[in-house]
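J.: If you scroll down you'll find the structure; I have some questions about it.
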Amino acid sequence: MRWLTLTLPLMALASLAGCAAMDSFNQADADSRKGGAIDRAKAEELRKQEGLKQVKVEKEDQLLQTTREKERMDRRLVAAQSELQRQDAALADALDKKRITQQQYADLKKQQDSLKADMSSLQIKDRNDQRAKQSDPKVEAAKEKQLDELKERKKKLEAALAAAMKS
């Protein structure tokens, strides 16, 4: 009878351990089945990876767009500087050929020098922004607007030079 009192608790303990092991086995089996916890974790990880890929693609697109906009601004600035150099040569030529007076030349040259200074300032600002890798759309839009205003001033200066040469 004594061994029965010892055996009975041991058997109960063994059956509880077996139940716990079976429960762990059942849980692991459920986790590994299709749609289980493992599949859900894999699916969640795939969604995260796809999200990161999408963010990467968007950042690359933004970088490409910014690079193109900066290259476009560079081309416009270089073209405007070149036009100002041609205009400077035309102004000097007009003075040499006595098509304009010294006073007209001085006035037009003053306007042109002011325009050149503003153009150079814009170009320096643009290059500094490029070096700093800044790409604020508001800043870029302001530079575009400033360049358009400078081009308009250049056109007025050209018209003034043409009018001075006709008189």
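Just so it is clear, none of the values below were taken in a lab; they were calculated from the coordinates. Please read these numbers as outputs of a predicted model, since none were measured by experiment. FYI the Cβ positions are ideal-geometry reconstructions off the backbone, even for glycines, and counts take in every protein chain you see.
J.: Could you tell me which trypsin sites (Lys or Arg not before Pro) in region 118-167 are loop residues by DSSP with no more than 10 other beta carbons within 10 angstrom of their beta carbon? Display every interim value, and only then the final one.
T.: Working: sites: Lys125, Arg127, Arg131, Lys133, Lys138, Lys143, Lys145, Lys151, Arg153, Lys154, Lys155, Lys156, Lys166; in loops: Lys133.
In loop regions of region 118-167 (DSSP not H, G, I, E or B), the sparsely surrounded trypsin sites (Lys or Arg not before Pro) are Lys133.
J.: Taking 8 Å as the Cα distance limit and 6 or more residues as the minimum spacing, I'd like the relative contact order of region 27-126 as a percentage. If you can, show how the numbers build up before the last one.
T.: Values: 26 pairs, mean separation 19.2, N = 100.
Relative contact order, region 27-126: 19 percent.
J.: Within region 44-75, list the trypsin sites (Lys or Arg not before Pro) lying in a DSSP loop whose Cβ has at most 10 other Cβ atoms in a 10 Å radius. Let's see the in-between values first.
T.: Numbers: sites: Arg47, Lys48, Lys53, Lys56, Lys59, Arg68, Lys70, Arg72, Arg75; in loops: none.
Of the trypsin sites (Lys or Arg not before Pro), not one in the loops of region 44-75 has a Cβ with at most 10 other Cβ atoms within 10 Å.
J.: Rounded to the nearest Å, what's the spacing between the alpha carbon centres of region 110-167 and region 77-104? Just the number, please.
T.: With region 110-167 and region 77-104 each reduced to a Cα centre, they are spaced 17 Å.
J.: Can I ask one more? Kindly flag which residue pairs out of Lys98/Lys145; Lys110/Lys145; Lys125/Lys155; Lys56/Lys125 have an alpha-carbon separation exceeding 27 Å in this structure.
T.: Working: Lys98/Lys145 36 Å; Lys110/Lys145 23 Å; Lys125/Lys155 23 Å; Lys56/Lys125 29 Å.
Violating the 27 Å limit, Cα to Cα: Lys98/Lys145; Lys56/Lys125.
J.: Something else about it: Based on the alpha-carbon set only, what is the convex hull volume of region 60-167 divided per residue, in Å³?
T.: Numbers: hull volume 8.6 nm³, N = 108.
For region 60-167, the hull spanned by Cα atoms encloses 80 Å³ per residue.
J.: So how strong a dipole does region 34-106 carry about its Cα centre when Lys and Arg Cβ are +1 and Asp and Glu Cβ are -1, to the nearest 20 debye? It would help to have the intermediate numbers written out before the result.
T.: Values: 17 positive and 14 negative charges, 34 e Å.
Using only the charged Cβ atoms, the result is roughly 160 debye.
J.: Run down the aspartates and glutamates and flag those whose C-alpha is under 16 Å from the C-alpha of Lys97, throwing out any fewer than 8 positions away in its chain.
T.: Straight-line reach from Lys97, under 16 Å: Asp88.
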